[in-house]
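For reference, the structure is listed below as structure tokens.
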Amino acid sequence: MEGDSSRALALLLAREAVDLKAEEVRILEVRDLLFITDYFVLATTGSARQTRALAEALNQALRQAGRPKGTLEGSHRSPWLLMDCGSVVVHILTAEAREFYGLDEHWADAPEIDLEGNPVRRAG
């Protein structure tokens with residue numbers, strides 16, 4: 001899955017996360033920075049329990065869209081779950097885990113796209 005279909009998958013997952021009340025949902029295009037995937041979707045939840053529920057709901061959305069479900073990494077009580085969908089990797093974290101691991105800062109050079117698929121203009 002490449003190019004437009006990777007972006008479409010990232011948008012599908014990010015929009016679904018927003019619909020499911022995840023916070024601080026961001027789509028980062030990492031294809032030029034990382035060889036293993038094209039996009040990261042970052043999403044924040046209020047608890048480890050919500051993290052797991054969001055991952056399960058995203059897999060349900062993938063099935064409904066006729067796509068294979070993602071592979072989950074992390075325990076059922078983990079504050080950070082990684083959902084590997086091939087060309088898109090979803091990071092679902094509690095607010096504390098997101099701040100602690102600093103993925104937003106670590107991948108600050110990655111171009112961001114909004115939920116409409118447009119580039120996000122960053123200040124500075």
Of the criteria (1) hydrophobic (A, V, I, L, M, F, W, C); (2) in contact (Cβ under 8 Å) with a residue 24 or more places away in the chain; (3) assigned to a helix (DSSP H, G or I), which one Ala97 fails:
(2)
Which count do you get for residues in region 1-44 that are hydroxyl-bearing (Ser, Thr, Tyr), farther than 15 Å from Asp104 by Cα and either part of a loop (DSSP other than H, G, I, E, B) or touching a Leu at 6+ places or on another chain (Cβ under 9 Å) (or both)?
1
Would you tally the residues in region 19-67 being exposed (fewer than 14 other Cβ atoms within 10 Å of the Cβ) and among the hydroxyl-bearing types (Ser, Thr, Tyr)?
1
When you go through (1) crowded, with 17+ Cβ neighbours inside 10 Å; (2) at pLDDT below 95; (3) basic (Lys, Arg) one by one for Arg77, which number turns out not to apply?
(1)
Please go through region 43-82 and pick out each residue that is basic (Lys, Arg) and without any contact (Cβ under 8 Å) to a residue 40 or more places away in the chain.
Arg49, Arg52, Arg63, Lys69, Arg77
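Yes or no, residue by residue, for (1) exposed (fewer than 15 other Cβ atoms within 10 Å of the Cβ); (2) part of a loop (DSSP other than H, G, I, E, B); (3) within 14 Å of the chain's Cα centre (by Cα); (4) modelled with pLDDT of 95 or more:
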residue	(1), (2), (3), (4)
Val90	no, no, yes, yes
Glu105	yes, no, no, yes
Ala110	no, yes, yes, yes
Arg122	yes, yes, no, no
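The values are calculated or read from the model by the stated rules, or taken from the named source; none is laboratory data. Note that the structure is predicted; figures quoted are calculated from it, not measured. Cβ atoms come from the backbone with ideal geometry, glycine included; neighbour counts cover every protein chain shown.
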